[in-house]
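The values are calculated or read from the model by the stated rules, or taken from the named source; none is laboratory data. This structure is a prediction, so every number in the text was calculated from the model and none was measured. Quick reminder, even Gly has a Cβ in these numbers, built from the backbone with ideal geometry, and neighbours come from all protein chains shown. We work out accessible area using only protein heavy atoms, side chains counted, and drop any ligands, DNA or RNA first. Shrake-Rupley method; radii C 1.70, N 1.55, O 1.52, S 1.80 Å.
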Amino acid sequence: DSISSRNCAMTEVAKMLKCRKILADSVPMKIVIGDKVVEGVFMENAEGSDINHLDKGNKLLMANSSSFESPEALQQVLDLQVLDFICGNTDRHRGNMFYQFEGDKPGKIKLVGIQGIDNDCAFGVLDFKKDRHMNLVHPKDMKYISKSMLFHLTQLTEERLKLNLSHYEISNEQIQAVWDRVVMVREAVEKGWIHEIDKDHWEKVPLNRMDHGNIE
């Protein structure tokens with residue numbers, strides 16, 4: 001399986017769950033070089049601050065704890081948490097996310113969104129029912145899920161998932177593992193491990209209480 005296919009397939013899953021903006025888009029493309037057709041991937045430039053490249057004046061350097069009290073950003077963080085689990089992406093950390101801020105003065109900076117990049121480790125066939133994995137939040141530890149994510153997750157069918165992912169270099173075993181993880185998240189909601197939050201109640205779950213993806 002190619003790295004590029006994994007990135008594109010994860011974008012496809014995000015598209016199905018209507019949360020595409022939390023990932024930098026990766027789409028397959030073909031270009032002609034001379035008399036040859038070369039297949040590749042177009043990867044969208046992520047928007048926001050990169051923690052690995054902080055130049056003077058970067059908004060992330062002007063942020064404080066209150067900057068992260070953002071309902072909009074919290075929903076995106078939790079949506080990315082679910083998306084990473086479903087896709088088996090075990091390499092999410094602060095360095096492969098971009099942070100989008102509004103405001104231009106210290107004390108007035110506000111986090112308004114995030115975008116995940118470098119989804120190369122997605123779609124491994126791992127037994128998430130038995131094992132916990134670094135940088136991956138298990139449904140038992142998720143605590144919350146957005147109303148929109150839950151809705152689209154329950155609307156997703158196994159047939160549609162398999163059909164849409166069949167266009168990428170993802171094995172049948174890997175695709176089945178994705179569906180198994182979808183079911184795991186649904187069951188965690190049904191058992192009360194994960195609580196649904198609608199847009200009017202995000203302020204009750206402050207972002208700065210999150211620890212390694214969990215909300216205590």
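Computed over protein heavy atoms with a 1.4 angstrom probe, the accessible surface ordering of 25, 104, largest first, is 104, 25.
Solvent-accessible surface of protein heavy atoms, probed at 1.4 angstrom with all chains present, puts 85, 151, 68 in the order 151, 68, 85, largest first. Note on residue 108 and residue 158: with the Förster distance fixed at 41 Å, the Cβ-Cβ geometry gives a FRET efficiency of about 0.30. Spin-label model, residue 167/residue 120: points 7 Å from Cα along the beta carbon direction are separated by 2.5 nm. Applying a DSSP loop filter and a limit of 15 other Cβ atoms within 10 Å to the trypsin sites (Lys or Arg not before Pro) in the range 157-201 leaves 191, 199. Placing 179, 193 in order of accessible area, with the largest value first and a 1.4 Å probe, yields 193, 179. Net length available on complete extension from residue 90 to residue 55 is 9.8 nm, with 0.36 nm assigned per residue and the Cα-Cα distance removed.
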